[in-house]
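Visitor: Structure provided below as structure tokens; questions to follow.
Every number in this text was worked out from the coordinates using simple rules, so none of it is lab data. Predicted model only: the values in this text are computed from it and were never measured. Here Cβ is always computed from backbone atoms with ideal geometry, including for glycine, and neighbour counts include all displayed protein chains.
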Amino acid sequence: MSDATSGAHVAHHFDNAEQQFSSAKLGLWLFLVTEVLLFGGLFVAYIMFRALYPDMFAEAHHHLNKVMGGINTVVLICSSLSMAMAVHFVRDNDRVKAVKLLSFTFLCGATFMVIKFFEYKEKFAHHLFPNGSFDYSAFTHKNANLFYSLYFIMTGLHGLHVLIGMGLIAWVLIRTRRNNFSSEYYTPVELTGLYWHLVDLVWIYLFPLMYLIA
Amino acid sequence: MSDHHDAHPVGTNFYTDQRGLKSWLFTLDHKRIGMMYLATTMLFFFVGGLMALLVRLELMTPGQTIVSAGTYNKLFTLHGAVMIFLFIIPVIPAALGNFLLPIMIGAKDVAFPRLNLASYYIFIGGAALALLSIVLGSADTGWTFYTPYSIRSATSVALITFSVFIMGFSSILTGLNFIVTIHKLRAPGMTFYKMPLFLWAIYATAIIQVLATPVIGITTVLLVIERTLGIGFFDPKLGGDPVLFQHFFWFYSHPAVYIMILPAMGIISEVIAVFSRKHIFGYKAIAYSSLAIALISFLVWGHHMFVSGQSELSSTLFSVLTMLVAIPTAIKVVNWTATMYKGSIDLKTPMLYALAFLFLFTIGGLTGLFLATLAVDVHLHDTYFVVAHFHYVMMGGTVMGLLAGLHYWWPKMTGRMYSEKWGCVSAVLIFLGFNVTFLSQFVLGRDGMPRRYYDYLPQYANLNMVSTFGSWMIGSGFLIMTIYLLGSLSRGAKAPTNPWGGKTLEWMTSSPPPTGNFETVPHVTEGPYEYGVK
Amino acid sequence: MLGLLLSWSKPNLPAVSSFATNVDTIYAFIFWVSVICFIAIVGTMTYFVFKYRRKSENDKTPYIEGHTPTEVGISIGLFVLVMGLFYWGWVEYMHSRTSPMNPYEINVVGQQWSWNFQYANGKRTQRNIHIPVNTPIRLIMTSSDVLHSFYVPALRLKQDVVPGTYQYLAFSANTPGEYDIFCAEFCGLDHSAMLGKLVVMEAEEFADWQDDMGKYAKTAAAGGTQASGKSLIEQGRDLYSSKTCSACHSDDGTPRVGPSFKDLFGKTEELTDGATITVDETYIRDSIVDPNKQVVKGFVAGTMPTFKGQLNDDELNALVAFIKSLSK
Amino acid sequence: MSSNKKHDHRKTYWKVWASLIVLTIVTVWTSYYDFGTLNIVVAMLIATTKATLVALFFMHLLYDSKVDTVVFASSLVFLAIFVGLTASDMLDRYVPQPVKVAASGDNDMGDVAKLAKPSPELIAQGKTLYATNCASCHGDSGMGNGPAAAAFNPKPRNFTTGEWKQGGKPTQIFQTLTTGFNSMPSFAALPAEERWALVHYIRTFSPNRPEDSAADITALAAKSGSGAAHIPVRLAMELSAVSEAQPTYDIRKSAIDATSEGGQLYQTRCASCHGDNGQGGINVRVLGSHPFSYLATQSFAGNHAAWTTNMQEFVRINSLGLPGFGKPAINDLTPAQWQSLYNYVQQLAGIR
């Protein structure tokens, strides 16, 4: 993401801004591919263990709180909308609306993490964290710890990516306030937007797989 | 950003444009980063090579020769890990690729110079972690870290797996950078089919780097968490399945062997065409077979697990798919040989290494057929036959390709000519030593000597002795090479801009090239191998 | 040169099962195909290198861009070859993965650094596995700690053993003899010391060995006598150690809780009640079964526990023979 | 950049947002109804539609260059390859059943319900059996001071103290009698009633007599009868070793002076398990293993263990002992005795 400190300055090895912008987007899409495959590895583990122990999954997922999961999904969807709108307004040189929407997106991210924190606290209280003190007696199936290992690692890694996303949004928020962007040059906002949408996209798959097992 | 460019004073180049350590440590110039990568990776090549000599020394005679069993296990693990993660994966793409890619497509630099420097420092960080793990009693699980032993082993496995995780990022960033550069920064007139074949190979490698490396990232993270928290994915005591770990590991590691071999194939296409002074035979066939190999490489990882307890269905599927890899590889080898037909062959050192590549890689490829056939692999898996196979393909293939490229572009990169006489001597020595070392291992493996054995039965003793003598020949060959290459930096003759009569863009600029690569933006009109009378 | 190639074309290992001979044939086929391809490529390469050496800097070379029909021809030809190779290997592989209806099954457990075997009638052996010749065998295998791999080069067979689940190997050995067993999956410190022997025995020899096992199951005394191939004295020596007689009776004269067996046979001893007896077979046999009947002066009655029911007659004879062997 | 008007997608953003919310509600709603395997298919369909909406509109894939779409699609293709081929292995594996192993005699428990209760006849029968079978080690009055006790370390159990290492309930003593542990041999050869008689007689020595619960009795009864000892799938078989006889080392015997102080110590304290010449291969019972099993002791010759070259290690191992493997703890030797014993053992291992 080679950008310039001020205005639409083109780096020396690019011919024009358009080439620089499309290179940045292609570069980020390639990075999103690695994110998809990183989470993909965990989804493969999920699919294998669920196929091997379907009823264990059904029994083990009852401890998950569907309501909190549902709220989190809605929160992320709203934040995706506000992110997309923010990108639009930055391109529209409407700095005030962009700042408001970026702050809203940041707030949604924070709410998501707070709800996640309460869910985790509840699991820790029931000794469901798989670090040796896992409470096997709460389940009839012997390897219920696998479900919770999957749960904690997948939602944990996703939560980490939400935090990184919030960091990027904050950085972009500050630079929008300092009027660094204009309709000519808004690459960082666009790239942060893409990253945030991918984080939402991963959660769209995580929510049904983890919380909604019939 | 680097300062604005005025007309270039004659006689200065990217070494002399800026001076001082800071200008190297914070450089954004792809050529400097390329040279730094080259120095670091070749250093690790000698560290890994030293360990190889120690392993062979231990195996010279049955029973304890120089080290105890525990140390031997650590030695072969380190030899594997250092050679693979610290040398052979980064060396051609990151060192030669970084230096040459922008020049060959007529660009001023890679698409994201800062990302390029970040990738180098992430690589250094990973390497430092690996050295730390060596100091704290290195791992003894083999470079594959198979569970559950890698979970149970008391040695510092977590550190070296975490260093592999870090170096994975460096590989991703290099791959990402190259794909965007090739797509977006080609000089006017340089269509995809006017690109040199080395760049096709680097492009295919970059695709694999971007698509496969994240999976080793998640695998190493899961292994580290497994060792610290005990999540149980791969630990049979907690309900997990060790074979699942093998799937995760090989989904990356087999494409990784193609990350190693494809760039070398790219170099060989360049060197054979230039030193036969003839248009490459079947340009499109070779270009497309690079992409085909990159795609098929993702379908075949299961041939490492034929006897691991995986189902017969998947062993059958993987055996069929593995057979497909032979076709694009064979096309490349046949086309290289056909290129030399009616050419004007000049046996300089790069060409010697290219011929050695053809000789050794053909053996490596053909022995792959033994291991892809299910019934024979059940006998040969995890024996010295496999060790010999992958050394023929990796050392006989990638390292010969690397040495061919190193000598071919040495004048362009350093502005100096190496000594041709000593080049030939070390090439012949390495070639002979290599065959002595590893042909004997084919026979050992065929007769059932398992891999990673500290002590072996008496019937395998003589061939192990022969193999160790061979390893000494390789060692001395590389010693001679270090001496004359480093010597050429000070005493070597000044290199002309185009010592070998190459037609690709890097031979159009001065050697070593200026920081901006070209005085004026080149306009490409003809293909990379325009030799011969139409 | 051809002789060298010939010696390379087949593993110089005994081929002890039909699967092994078939693998050798496939191996030889691929070997000769590879030799032909190798000579074709490297031969043409060397020929071109000598024929088209660069004579001067401005040699003229023809402008040949390629020839797609040869490319297509090579691809199709190779495709047919490799698919045929796959099919042949696959058929043999599936043969090795299936076994007739009721094979002779043996449990195998790999542990860090030794192989343990348990037979259907309860006998357990470590390191060495005994099987009858020409009978379909099925090994049900698992590991008690990390990954190992049961590898018998003579059978050309290997199978990883994964802890927590079971794998199997099916084969039928056709020539008696002893063949090496290796561990082929790295399993830690003594991975290279995890060796053993596959002992293929004739049917009646195996039955004999198995009989010995039968006795094992009936009398439930642990440590049944060893393979029948051992002499009575050697069996006695093994019993002397396995039945912990050595705890109280030394075999080289050193004083311990009980009298030393050295030079005991034929000695005249004075009993606690003053009578004197010469140590003969009956005295030794009685002292084993009812130790307190005739106790020698200087020793306390009630020290030696009875071994009644723990030793059958063959074992008693073996012990007596062993004790006899210790005196001149 | 092209003019902004063409890029005004706000209305589509709102529409996409609305459909995402609706789809979320639908997917939660369907999860409450059980359509069997269809559930997962429906959930994945909805999730994929939501994901495509986000990718096409929010991530501008619809408006941008085709290369980005190809790149994103390729990641899904390779993920599908990873899932497909791994599933072809994980979900199609054949796991054979282990062989049913004929039980050795030790499963004969007799009529557990009747015999588990003490009765005067049983105790009398126990008294006579105790004299011939147990007194030699445990002593006539059960103090653990029988004449043969000197040879054993740890000392045989002193019943009068009331401590039970293997449990004091009748069923537990019975199992200890049947399996034996440490250097105590197994009495499985004795018929069940005799073993029960011994159990009840032995308990008369001890002030501490914990009683069996009904569950203990039924549990033991369940194990009774010569049922096949089936190997549970999860637990691999425990260590087992009736080792082939190790070659004896007669040739080296003469070279080592057995009458030296170290030799004496070795003969009295170690030879019973490690063999007179340290050749090992002697069966030592594994504590608490059921059905009982042996472990062949290691031979000293050609042994690379740490203790062969480091005396502290040798002393540490022997003073701690290996309780699980029946190796007694020796902690009553003076340093001089340790040194001479260590020298002797090094001679046996062919190091000195």
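Visitor: Let me make sure I get this right: for the stretch B:78-135, a, b and c are the square roots of the gyration tensor eigenvalues over alpha carbons, sorted descending. Under 1.5 in a/c it's rounded, otherwise prolate if a/b > b/c, else oblate. Which is it?
Guide: oblate
Visitor: Still on this structure: How big is the stretch B:21-507 along each principal axis, measuring the range of its Cα positions in Å and listing the largest first?
Guide: Principal axes ranked by extent give 62, 47, 46 Å for the Cα atoms.
Visitor: Now a separate question. Normalised by the number of residues in chain B, what is the relative contact order in percent for Cα pairs under 8 Å and 6+ residues apart?
Guide: 18 percent
Visitor: A follow-up question, please. Can you work out ³J(HN,Hα) from phi for every residue in the stretch D:81-86, in order, using Karplus 6.51 cos²θ - 1.76 cosθ + 1.60 and θ = phi - 60°, giving whole Hz and x for Gly and Pro?
Guide: Along the stretch D:81-86, the couplings run 4, 4, 5, x, 5, 5 Hz.
Visitor: Collect residues whose amide H, placed 1.01 Å from N in the peptide plane, falls under 5 Å from the amide H of C:ILE181; neighbours closer than 5 in sequence don't count.
Guide: When sequence neighbours closer than 5 places are left aside, the close amide H contacts are C:GLY196, C:LYS197, C:LEU198.
Visitor: Could you line up B:MET265, B:MET323, C:MET101 from fewest to most neighbouring Cβ atoms inside 10 Å?
Guide: C:MET101, B:MET323, B:MET265
Visitor: Oh, and also: Going by alpha carbons, how many degrees (0 to 90, nearest 10) lie between the helix axis of B:197-228 and the longest principal axis of chain B?
Guide: Orientation of helix B:197-228: about 40 degrees from the principal axis.
Visitor: Moving on to the next point. Enumerate the amide H contacts of D:VAL101 below 5 Å, restricted to partners 5 or more residues apart or on another chain; note that Pro and chain-start residues carry no placed amide H.
Guide: Excluding prolines and chain starts, which carry no amide H, the hits are D:ALA229, D:ILE231.
Visitor: While we're here: For C:SER7 paired with B:THR61, estimate the spin-label separation in nm (one decimal), with each label point 7 Å from Cα along the Cα-to-Cβ line.
Guide: 2.4 nm
Visitor: Which FRET efficiency value, to the nearest 0.05, is calculated for D:ALA214 and A:THR140 with the Förster distance at 22 angstrom and r the Cβ-Cβ distance?
Guide: Once the sixth-power term is evaluated, E becomes 0.30.
Visitor: To continue, here is another question. What FRET efficiency do you get for D:THR161 and C:ASP252 if R0 is 30 Å and r is their Cβ-Cβ distance, rounded to the nearest 0.05?
Guide: For D:THR161 and C:ASP252, the calculated efficiency is 0.20.
Visitor: For every helix of n ≥ 4 consecutive DSSP H residues, a contribution of -39,500 (n - 2.57) applies; sum these over chain A, divide by its total residues, and give [θ] at 222 nm rounded to the nearest 500 deg cm²/dmol.
Guide: That comes out to -26500 deg cm²/dmol.
Visitor: Can you give the helix-only mean residue ellipticity at 222 nm for chain B, where every DSSP H stretch with n ≥ 4 adds -39500 (n - 2.57) and the sum goes over all residues, rounded to the nearest 500 deg cm²/dmol?
Guide: Estimated from H runs of four or more residues: -21500 deg cm²/dmol.
Visitor: Give the value in nm², to one decimal: projected area of the alpha carbon convex hull of the stretch C:105-196, averaged over all directions.
Guide: Average of the hull's projected areas for the stretch C:105-196 equals 5.3 nm².
Visitor: Here is a follow-up. Work out, in µm²/s and without decimals, the Stokes-Einstein translational diffusion coefficient of the protein assembly as shown at 4 °C, 1.567 mPa s, Rh from Kirkwood over C-alpha pairs.
Guide: Values: Rh = 36.2 Å.
It diffuses with D of about 36 µm²/s by this estimate.
Visitor: Okay, moving on. Per residue of C:142-152, what is the mean number of Cβ atoms on other protein chains within 10 angstrom of that residue's Cβ?
Guide: Counting other chains' Cβ atoms within 10 Å and averaging over C:142-152 gives 6.
Visitor: Using the alpha-carbon atoms, what tilt in degrees (0 to 90, nearest 10) does helix B:349-372 show relative to the longest principal axis of chain B?
Guide: The angle comes out at about 30 degrees.
Visitor: I want to verify the translational diffusion coefficient of the stretch C:76-154 in µm²/s; compute it with Stokes-Einstein, Rh as the Kirkwood radius over Cα pairs, at 4 °C and 1.567 mPa s.
Guide: The Stokes-Einstein estimate is 85 µm²/s.
Visitor: Average partner chain C-beta neighbours within 10 Å, per residue of B:335-348?
Guide: Average per residue, whole number: 6.
Visitor: Shifting gears a bit: Assign one of three labels to the stretch D:5-90, namely rounded, prolate or oblate, based on the Cα gyration tensor with a ≥ b ≥ c the square roots of its eigenvalues; rounded applies when a/c is under 1.5, prolate when it is not and a/b is larger than b/c, and oblate otherwise.
Guide: Oblate shape, in that a/c is at least 1.5 and b/c is the bigger or equal ratio.
Visitor: For B:VAL164, D:VAL42, which order do you get if you count the other beta carbons within 10 Å of each Cβ and list the fewest first?
Guide: Fewest-to-most ranking of B:VAL164, D:VAL42: D:VAL42, B:VAL164.
Visitor: Next up: Determine the shape class of the stretch B:294-340: with a ≥ b ≥ c the square roots of the Cα gyration tensor eigenvalues, call it rounded for a/c under 1.5, and otherwise prolate if a/b is greater than b/c, oblate otherwise.
Guide: prolate
Visitor: Let me ask you something else. Evaluate the stretch B:148-287: find the radius of gyration of its Cα atoms, find its Kirkwood radius, and give the ratio Rg to Rh.
Guide: We get a ratio of 1.14 for the stretch B:148-287.
Visitor: A further question on this structure: Can you sort A:VAL90, C:VAL49, B:VAL157 so the residue with the fewest Cβ neighbours within 10 Å comes first?
Guide: C:VAL49, B:VAL157, A:VAL90
Visitor: Related question: State log₁₀ I(q)/I(0) for chain A at q = 0.17 Å⁻¹ as given by the Debye formula over alpha-carbon point scatterers of equal weight, solvent excluded.
Guide: -1.11
Visitor: In addition: With helices defined as uninterrupted DSSP H runs, which ones in chain C have an alpha carbon span along their own long axis of at least 27 Å and mean Kyte-Doolittle hydropathy of at least -1.0?
Guide: On the way: long enough: C:18-51 (49 Å, 1.50); C:68-96 (42 Å, 0.89).
Sorted by number, the helices that extend far enough and score high enough are C:18-51, C:68-96.
Visitor: Can you give me the P(r) profile for the stretch B:416-474? Cα pairs, bins 5 angstrom wide beginning at 0, each as a whole percent.
Guide: 4, 18, 23, 18, 13, 8, 7, 5, 4, 1, 0
Visitor: Using amide H atoms built 1.01 Å from N in the peptide plane, name the residues 5+ places from C:GLU105, or on other chains, whose amide H lies under 5 Å from its own.
Guide: Under 5 Å from the amide H of C:GLU105 lie the amide H atoms of C:ARG138, each far enough along the sequence or on another chain.
Visitor: If you average the alpha carbon positions of the stretch C:35-103 and of the stretch B:291-309, how far apart do those two centres end up, in angstrom?
Guide: 20 Å
Visitor: Does anything in the stretch A:173-214 have its amide N under 19 Å from the 7 Å Cα→Cβ label point of A:HIS62, and if so which residues?
Guide: Under cut-off, by backbone N: A:210-214.
Visitor: With n ≥ 4 as the cut-off for DSSP H runs, can you work out [θ] at 222 nm for chain C, using -39500 (n - 2.57) per run divided by the number of residues, rounded to the nearest 500?
Guide: Computed mean residue ellipticity for chain C: -12500 deg cm²/dmol.
Visitor: I'd like the FRET efficiency for D:ALA73 and C:GLU57, computed as 1/(1 + (r/R0)^6) with the beta carbon distance as r and R0 of 56 Å, rounded to 0.05.
Guide: Result of the calculation: an efficiency of 0.65.
Visitor: Related question: Can you work out the Karplus-derived ³J(HN,Hα) for every residue in the stretch B:453-470? Use 6.51 cos²θ - 1.76 cosθ + 1.60 with θ = phi - 60°, whole Hz, and x for glycine or proline.
Guide: Rounded to whole hertz, the list is 9, 6, 10, 10, 6, x, 5, 9, 5, 5, 5, 5, 4, 4, 4, 5, 4, x.
Visitor: What percentages make up the Cα-Cα pair-distance distribution of chain C when the bins are 10 Å wide from 0?
Guide: The percentages, shortest bin first, are 5, 17, 19, 16, 14, 11, 7, 4, 3, 2, 1, 0, 0.
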